[in-house]
Amino acid sequence: MEFCEPAEVVAVTRVTPSMIRVRLRALGEWTWYADGRGDERVDIAFPWPGETRADVTYFNREHAGESLNEPTPPWRHYTMRAVHDRGREFDVEFVVHGDGVASTWAERAEPGHVLGIFLGSTVSHAYHSPPNDAQWQLLVADATGLPGLARIVEELPEGVPVQAIVEVPTAADRRVIETRGDVDWTWIIGPGGRESALPTAVEGIALPETPGYAWVACESAAARSIRTHLRRRHSQPRDRHRAIGFWTAGKIGHDGRGTD
Ligand SMILES: Cc1cc2nc3c(=O)[nH]c(=O)nc-3n(C[C@H](O)[C@H](O)[C@H](O)COP(=O)(O)OP(=O)(O)OC[C@H]3O[C@@H](n4cnc5c(N)ncnc54)[C@H](O)[C@@H]3O)c2cc1C
């Protein structure tokens, strides 16, 4: 298996006005991880603007220690929305935000385009990790966090009480997500980014006194603000919340993302 493997687009679906789902199929013998769950992360290499195939060989040469005096092809962090056929096919959902290599690629994506999928580890990586004694969960996301939140909700065990707060750009971006959990949904129609309504929404809710778990995935400043609120107002210890900056308003690319 190479560090960066090719995957071919087999279907493109406009799920809602701001979200495009792309079904990808592994090219060659490799498969995506079998142990994946929830908000498992996938790092993706994209074609240069106007092109249809990502340059996977660049990343494999670089990983092999070759010194490359060439511009790094674009790559970004995404979430594995669903995995099919034992990892031979998978879905990724792209927010269309009008700018950026990944977003503009998704808008022109067609079957036959080839992306690069990074396989840098032997196991998949998910951020959502509630302690075993968590009696409730708070899940907060903007549009970029929605694919992960949706899969987390779909995989919930029977009856787990969850408060889900999601900010999307338009009313038509709201989704119906199947679940065995007991999910109380709040959909906010808002601009996101620097103007995100998520911090105010979280400040406005009461959390149970019993042990729980909070997961937050949205623009970095909003995630930071919610994290501070959970720590200061609710004295939530570090193993009881995870607030991840999925993108930073005004910044391009992947630097510093996915950290908390
Ligand atoms: C672990 C992880 C998982 C993620 N999963 C997903 C996912 O499943 N789906 C998804 O769509 N995104 C996801 N993201 C976010 C995605 O990586 C970023 O939005 C990324 O910047 C998009 O790349 P781009 O090339 O479109 O824009 P960039 O070239 O990175 O940015 C161009 C401009 O657009 C702005 N921008 C970037 N994203 C947005 C946005 N969503 N809304 C408005 N402005 C934006 C930037 O601030 C910048 O000014 C995830 C991020 C992380 C860290």
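When Ala102 is tested against (1) under 26 Å from Phe3 (Cβ atoms); (2) outside any helix (DSSP H, G or I); (3) within 8 Å of the ligand (Cβ to nearest atom), only condition (2) is not met.
When restricted to residues that are part of a loop (DSSP other than H, G, I, E, B), surrounded by 15 or more Cβ atoms within 10 Å (Cβ to Cβ) and not charged (D, E, K, R), the range 88-99 contains 2.
Taking the range 61-87 as the region of interest, how many residues are assigned to a strand (DSSP E or B) and either farther than 19 Å from Gly36 by Cβ or of a type in the set (A, V, I, L, M) (or both)?
So the first thing to find is which residues in the range 61-87 are assigned to a strand (DSSP E or B), and the list is 75-79, 82-84.
Subset that is either farther than 19 Å from Gly36 by Cβ or of a type in the set (A, V, I, L, M) (or both): 75, 82-83.
The qualifying residues number 3.
Output yes when any residue across the range 58-66 is in contact with a Phe, Trp or Tyr (Cβ under 9 Å, 6 or more places away or on another chain) and exposed (fewer than 15 other Cβ atoms within 10 Å of the Cβ), and no when none is. Yes, the range 58-66 contains a residue that is in contact with a Phe, Trp or Tyr (Cβ under 9 Å, 6 or more places away or on another chain) and exposed (fewer than 15 other Cβ atoms within 10 Å of the Cβ).
In the range 123-165, what residues are part of a loop (DSSP other than H, G, I, E, B), under 16 Å from Val92 (Cβ atoms) and assigned by TED's automatic domain parsing to the domain that holds Glu209?
Step one: list which residues in the range 123-165 are part of a loop (DSSP other than H, G, I, E, B), which gives 123-136, 142-145, 155-160.
From the residues that got through so far, the ones that are under 16 Å from Val92 (Cβ atoms) too are 124-126, 143-145.
Correct list: Ala143, Thr144, Gly145.
For Ala171, indicate whether it is free of Cβ contacts under 8 Å to residues at least 40 places away in the same chain and not β-branched (Val, Ile, Thr). Considered against the rule, which asks whether it is free of Cβ contacts under 8 Å to residues at least 40 places away in the same chain and not β-branched (Val, Ile, Thr), Ala171 comes out as yes.
Looking only at the range 57-96, count how many residues are among the aromatic types (Phe, Trp, Tyr) and within 16 Å of the ligand (Cβ to nearest atom). First the steps, then the outcome.
Going residue by residue through the range 57-96, those that are among the aromatic types (Phe, Trp, Tyr) are 58-59, 75, 78, 90, 94.
Applying the additional criterion that residues be within 16 Å of the ligand (Cβ to nearest atom) yields 75, 78, 90, 94.
Matching residues across the range 57-96 total 4.
Evaluating Arg53 against the criteria (1) more than 10 Å from the ligand (Cβ to nearest atom); (2) touching a strand residue (DSSP E or B) at 6+ places or on another chain (Cβ under 7 Å); (3) within 19 Å of Gly148 (Cβ to Cβ) leaves one unmet condition, (3).
For (1) more than 16 Å from the ligand (Cβ to nearest atom); (2) touching a Phe, Trp or Tyr at 6+ places or on another chain (Cβ under 8 Å), each residue gets a yes or a no:
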| residue | (1), (2) |
| --- | --- |
| Thr179 | yes, no |
| Ile188 | no, no |
| Glu195 | no, no |
| Tyr213 | yes, yes |
| Ser220 | no, yes |
| Ser235 | yes, no |
| Asp239 | yes, no |
| Ile252 | no, no |
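The set of residues in the range 117-165 that are away from the ligand (no atom under 14 Å from the Cβ), over 25 Å from Ala206 (Cα atoms) and in contact with an Asp or Glu (Cβ under 7 Å, 6 or more places away or on another chain) comprises Leu119, Val123. Among the residues in the range 81-96, are any among the hydrophobic types (A, V, I, L, M, F, W, C) and under 23 Å from Arg238 (Cα atoms)? No, the range 81-96 contains no residue that is among the hydrophobic types (A, V, I, L, M, F, W, C) and under 23 Å from Arg238 (Cα atoms). Scanning the range 2-50 for residues that are away from the ligand (no atom under 16 Å from the Cβ) and touching a helix residue (DSSP H, G or I) at 6+ places or on another chain (Cβ under 8 Å) yields a count of 8.
The values are calculated or read from the model by the stated rules, or taken from the named source; none is laboratory data. In this text, all values refer to a predicted model and were calculated from it rather than measured experimentally. With ideal geometry, Cβ positions are generated from the backbone for all residues, glycine too; neighbour counts draw on all protein chains shown.
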